[in-house]
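What follows is a single structure, written as structure tokens, with notes after it.
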Amino acid sequence: MNLLKKITFLLLLTFFINCSMSNGQKASNKVKDIEIVKIHTYTRGVSNTLTVNPNAFSKFKFEDKMFTKSIETNQWEKIKELVSGLDIKELDNLKVTSKQHQTDGAMAEVLTITINGDNYQSPTYDAGEPPTEIKELVSYIKRLDNTK
């Protein structure tokens with residue numbers, strides 16, 4: 001009887017350890033499942049959106065045609081690397097250094113990252129002045145745009 005309790009205890013312990021490990025692995029693998037990274041820049045009457053996914057870079061300008069081009073695997077890998085350096089669940093809590101967009105002193109800009117169907121969005125910041133944590137990612141995506 002005592003042996004049966006020990007075996008049951010060990011089986012339950014093994015089960016809980018495996019469950020907790022698989023949950024941790026799912027969280028750390030999220031970067032591999034990035035679907036879209038988008039930068040939306042806007043003000044009254046003007047709207048531009050840059051969108052990157054594993055296959056393409058797209059630019060849509062308000063009242064203009066959409067431009068799409070394929071991206072190289074190494075470009076997408078660089079985006080994944082930059083996203084992996086972020087605390088994605090804290091993206092909406094980043095500190096914005098300037099709020100001139102609130103009084104039309106600058107265009108407003110927002111970064112949105114879609115992972116496993118969930119959207120993670122930065123706070124609205126002045127275009128060209130993203131929070132420090134996302135500055136390199138935003139700059140890299142903007143450099144993919146050669147349609148100025």
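We did not get these values from a lab; they are worked out from the coordinates using the rules stated. Since the model is a prediction, treat every value here as computed from it, not as a measurement. Neighbour counts are summed over all protein chains in view; Cβ atoms, including those assigned to glycine, are modelled from backbone coordinates with ideal geometry.
Decide, for the range 47-148, between rounded, prolate and oblate: order the square roots of the alpha carbon gyration tensor eigenvalues as a ≥ b ≥ c, take rounded if a/c falls under 1.5, and otherwise choose prolate if a/b is larger than b/c, else oblate. Here the range 47-148 falls in the oblate category.
The packing ranking, built from the mean of other Cβ atoms within 10 Å per residue, places the peptides 120-126, 138-144 in the order 120-126, 138-144, highest first.
Among Met107, Met66, the order by Cβ neighbours within 10 angstrom, fewest to most, reads Met66, Met107. For the listed residue pairs Lys59/Lys142; Lys59/Lys89; Lys61/Lys99, the alpha carbons are over 21 angstrom apart in Lys59/Lys89; Lys61/Lys99. Look at Val110, Val37, Val46, Val52 and count the other Cβ atoms within 10 Å of each Cβ; fewest to most, that gives Val46, Val110, Val52, Val37.
For a footprinting-style exposure proxy, rank Phe57, Phe62, Phe67 by other Cβ within 10 Å, fewest first.
Values: Phe57 22, Phe62 10, Phe67 14.
Lowest count first: Phe62, Phe67, Phe57.
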